[in-house]
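Structure record follows, encoded as structure tokens.
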Amino acid sequence: MREVKVEFLFDFGSPNAYLCHQVLPAMEARTGVEVEYVPILLGGLFKLTNNRSPAEAFAGIANKRAYEALETQRFVARHGLTRYRPNAFFPVNTLAIMRGAVAAQKLGCFAPYLDAVFSCMWEQSLNMADADVMHTALASAGLPAAEIAAAIQEPDVKQALLANTQQAFERGAFGSPTFFVGDQIFFGKDRLREVEEEIIRQRDHRD
């Protein structure tokens, strides 16, 4: 089997990124391929691509948002994601928590940070743009909240998030969740089947 590089470009502000996060472990188990999480800043990517959030872009389109909500309900039901609920503070400014993701990578607590912040955003409906809420939530999850708060102010952490976002744009991304399987790009939770098929195709390819 060939080694396959799979990247998940995410921002905690995307409910669809949360939904993908919940089902990716099963896909990893089925394929035997680990997914690399890449923190990006969705607001920055929107500026680079002149994109807007679905809530804004579809606000004037009759029936569109209702259908998107229906698709979310179907996904939640299909995968048994009973803890999911919309965030009461949506849209949330995610700059601090996305810098926090880069800081958590640096501090060696990335995986528990992912679980904790996705839960805070899309299960507990917390306002993670509030520094005090963020600190309390991270500490309650057993994470080094003070160290993360200090690290998100460091220039290299800020620059890394900017660089991730710029590279996402240059590779063709325009939103989150975006996946790359090798150099093949896929957007949205509704492309997860195609992501898995491409992983298997590349994994099992014989030269």
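Each reported figure results from applying straightforward, stated rules to the coordinates on display, with no laboratory input. Predicted model, so just to flag it, every value in this text is computed and none were measured. Here the Cβ is made from the backbone with ideal geometry for all residues, glycine too, and neighbour counts use every protein chain on show.
Listed values, structure above:
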item: Amide hydrogen neighbours beyond the local backbone of PHE90, cut-off 5 Å, H modeled; result: none
item: Spread of Cα-to-Cα distances over 5 Å intervals beginning at zero, given as percent, for the chain; result: 1, 7, 15, 18, 20, 18, 12, 6, 2, 1, 0
item: For segment 35-47, 3J(HN,Hα) per residue [Karplus equation, 6.51 cos²θ - 1.76 cosθ + 1.60, θ = phi - 60°, Hz, x = Gly/Pro]; result: 9, 8, 8, 10, x, 10, 9, 4, x, x, 5, 4, 5
item: Packing-based ranking, highest mean first, of 106-113, 35-42 given that Cβ atoms within 10 Å are counted; result: 35-42, 106-113
item: Extension reserve of the GLU68-LEU48 stretch, reckoned as 0.36 nm per residue once the Cα distance is removed; result: 4.7 nm
item: Segment 51-92, Rg to Rh (Cα coordinates; Rh as Kirkwood inverse mean 1/r); result: 1.02
item: Sorted peptide list for 167-175, 60-68, 90-98, criterion being average Cβ within 10 angstrom, highest first; result: 90-98, 167-175, 60-68
item: Long pairs among LYS106/LYS189; LYS47/LYS106; LYS64/LYS158, criterion Cα-Cα beyond 30 Å; result: LYS64/LYS158
item: Distant-in-sequence amide H partners of PHE10 (H built 1.01 Å from N, under 5 Å); result: VAL38, ILE40
